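Just so it is clear, none of the values below were taken in a lab; they were calculated from the coordinates. Predicted model only: the values in this text are computed from it and were never measured. Reconstructed Cβ throughout: ideal geometry from the backbone, glycine too, with neighbour counts over all protein chains shown.
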Amino acid sequence: SGSHQISGFGDFGYGDSTDFGLSSSKLLIKGGTVVNAHHKEVADVYIEDGIIASIRSNIKVSDDVTVIDATGKYVMPGGIDPHTHLAMEFMGSETIDDFFSGQAAALAGGTTMHIDFVLPVNGNLTAGFEKYLRKAKNSCMDYGFHMAITKWDENVSKEMEIMVRDKGINSFKFFMAYKGSFMVNDELLLQGFERCKALGALAMVHAENGDGVAAGQKRMIDLGITGPEGHALSRPPVLEGEATARAIRLARFVNSPLYVVHVMSIDAMEEIAKAQKEGQRVIGEPVVSGLILNDSWLWHPDFTIAAMYVMSPPIRKSGHDKALQAALSTGVLQLVGTDHCTFNMEQKSLGLEDFRKIPNGVNGMEERMPLVWDTMVESGQISVTDFVRITSTECARVFNIYPRKGAILVGSDADIIILNPNATFEITKDSHHSRTDTNVYEGRKGKGKIEVTISRGKVVWENGKLKVEAGAGRYIKMPPFSYVFDGIEKADSAYLSSLHAPVHRHRAST
Ligand code: URP
Ligand code: ZN
Ligand code: ZN
Ligand code: ZN
């Protein structure tokens with residue numbers, strides 16, 4: 001549309017500069033189709049000092065500006081992965097990808113920001129936060145934090161406020177599974193949801209009935225089923241559906257928004273759809289493994305292959321995958337994560353004799369963008385603009401960092417990818433950038449190749465080569481009260497005034 005300027009946003013602090021001076025890092029992306037969550041058009045994008053400075057056609061620049069030709073390709077906001085576990089101590093092991101290797105892999109796959117889960121140290125949130133900041137020191141891309149709440153007392157409640165007010169955390173995860181370690185009960189869920197709501201922080205749940213899982217595991221062991229298939233058999237979809245429904249109803253009871261992480265089954269997805277139909281604010285996050293894999297791998301005769309696919313909630317039978325894709329395309333589920341939580345063959349073999357000891361988790365940070373493109377856009381299920389919404393923009397909105405992230409607008413961070421819809425990708429452990437020695441997507445080919453990744457104005461991935469720098473990534477503080485909270489207090493006051501309506505009461509006359 002000619003010289004139409006893709007509009008910026010009022011007071012974000014950066015104008016459209018036409019006088020491109022002699023500042024340090026300058027980059028021009030020419031001739032591509034610039035895609036945002038609700039609009040796309042052919043335009044040039046000019047970047048200066050890590051920020052998008054101008055978006056329009058035929059931008060002229062001097063010789064000192066690096067020019068990238070994107071003709072025939074899509075220029076999109078870098079992906080934001082809402083769900084990762086880097087350098088996490090879990091199930092007697094520590095994930096093999098730390099912040100540097102996991103992020104390098106992500107950048108090679110077109111993801112330019114992720115939100116990782118901080119685990120408290122002995123229930124102490126501040127200690128957990130400090131520990132994760134140290135872990136993240138070698139970051140090569142921007143990142144934010146969610147935090148898990150694993151116990152409840154006065155101090156946890158107080159620290160939640162510190163995390164939100166001073167530390168840039170605006171979401172807390174409650175585990176309804178992992179009995180004996182992270183699992184919380186309904187009393188804690190209620191207290192936690194109320195506290196989250198008061199702070200404007202999003203309550204997130206890992207929804208599986210942990211008592212049911214423990215019983216299911218015992219049932220399998222008693223039957224002599226000790227292999228990875230026992231993982232799927234011990235924690236069927238009914239347990240995920242139950243916990244999802246319970247969390248949704250408790251969130252309704254306290255009128256707090258709810259975010260359900262790693263939605264893996266039709267059972268859970270349908271509970272979310274039902275609640276949304278009744279007007280409740282529930283956000284559902286599918287992960288790549290749940291969208292495109294099925295549980296047949298868990299029956300593979302080779303333990304090292306089967307064990308790769310052990311994650312929780314489990315990857316489900318064929319059929320759940322397609323249903324989750326449909327839910328994503330219709331908006332019942334809103335954004336895609338990975339739950340990237342990698343353990344190598346040696347670590348996975350901790351559970352050789354007993355599936356309960358296999359460290360849970362799969363890879364995905366590098367594969368998410370191309371796989372979602374191939375599965376959702378290439379198959380015709382969603383539009384190119386929808387792709388941007390579910391891989392980037394909606395995550396930025398829900399966690400309140402839009403439009404700094406999740407958009408190609410004047411003033412936004414220059415986190416940008418160039419995707420070639422006509423080029424193909426192939427996934428293998430030999431060429432991936434994660435430190436793990438297996439890949440749950442081994443051998444997959446598809447269309448939609450991430451050819452260039454730009455992180456805060458720097459080209460970090462081009463011609464199949466990574467140019468990343470440890471320490472270049474920044475911690476992104478996420479403020480509370482995202483759009484998900486808009487109007488929540490109105491519903492509260494409506495409820496309160498309904499309680500004060502006079503009751504006309506009398507004795508039954510005989
Ligand atoms: O198997 C998984 N999902 N590992 C990571 C921890 C979690 O529950 O998200
Ligand atoms: Zn989880
Ligand atoms: Zn997770
Ligand atoms: Zn009466």
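If R0 equals 51 Å, the separation of the Cβ atoms of residue 276 and residue 63 corresponds to a calculated FRET efficiency of about 0.40. Remark: 140, 196 ranked as 140, 196, counting other beta-carbon atoms within 10 Å and listing the fewest first. Principal-axis analysis of the Cα atoms of the chain puts helix 99-108 at an angle of about 60° to the longest axis.
Against the chain, whose longest principal axis is taken from its Cα atoms, helix 237-254 shows a tilt of about 90°.
Would the chain count as rounded, prolate or oblate if I go by the C-alpha gyration tensor, calling it rounded below 1.5 in a/c and otherwise prolate when a/b exceeds b/c, oblate otherwise? Note, shape of the chain comes out oblate. With the cut-off at under 11 Å, measuring from each backbone N in the stretch 105-144 to a point 7 Å along the Cα-to-Cβ line of residue 153 picks out 123-124.
Residue-wise HN-Hα couplings along the stretch 448-463, as the Karplus relation 6.51 cos²θ - 1.76 cosθ + 1.60 with θ = phi - 60° gives them from phi, are x, 9, 7, 8, 9, 10, 10, 10, 6, x, 10, 6, 10, 8, 7, 6 Hz; Gly and Pro carry x. Ratio of Rg to Rh for the stretch 68-109: 1.19 [Cα atoms; Kirkwood radius as inverse mean 1/r over pairs].
Pairs with C-alpha atoms separated by more than 26 Å, drawn from the list 179/277; 40/447; 277/322; 40/465, are 179/277; 40/465. Based on C-alpha pairs under 8 angstrom that are at least 6 apart in sequence, the chain has a relative contact order of 21 percent.
Helix 186-199 and the longest principal axis of the C-alpha atoms of the chain enclose an angle of approximately 40°. The length gained on full extension between residue 322 and residue 354, counted as 0.36 nm times the residue separation minus their Cα-Cα distance, comes to 8.5 nm.
Pull up the DSSP beta bridges for the chain and report the antiparallel fraction as a percent, rounded to 5.
Bridges in the chain that DSSP calls antiparallel: roughly 50 percent.
Relative to the current alpha-carbon distance between residue 422 and residue 218, full extension at 0.36 nm per residue lengthens the span by 68.5 nm. If you plug the beta carbon distance of residue 238 and residue 481 into 1/(1 + (r/R0)^6) with R0 = 30 Å, you get a FRET efficiency near 0.25.
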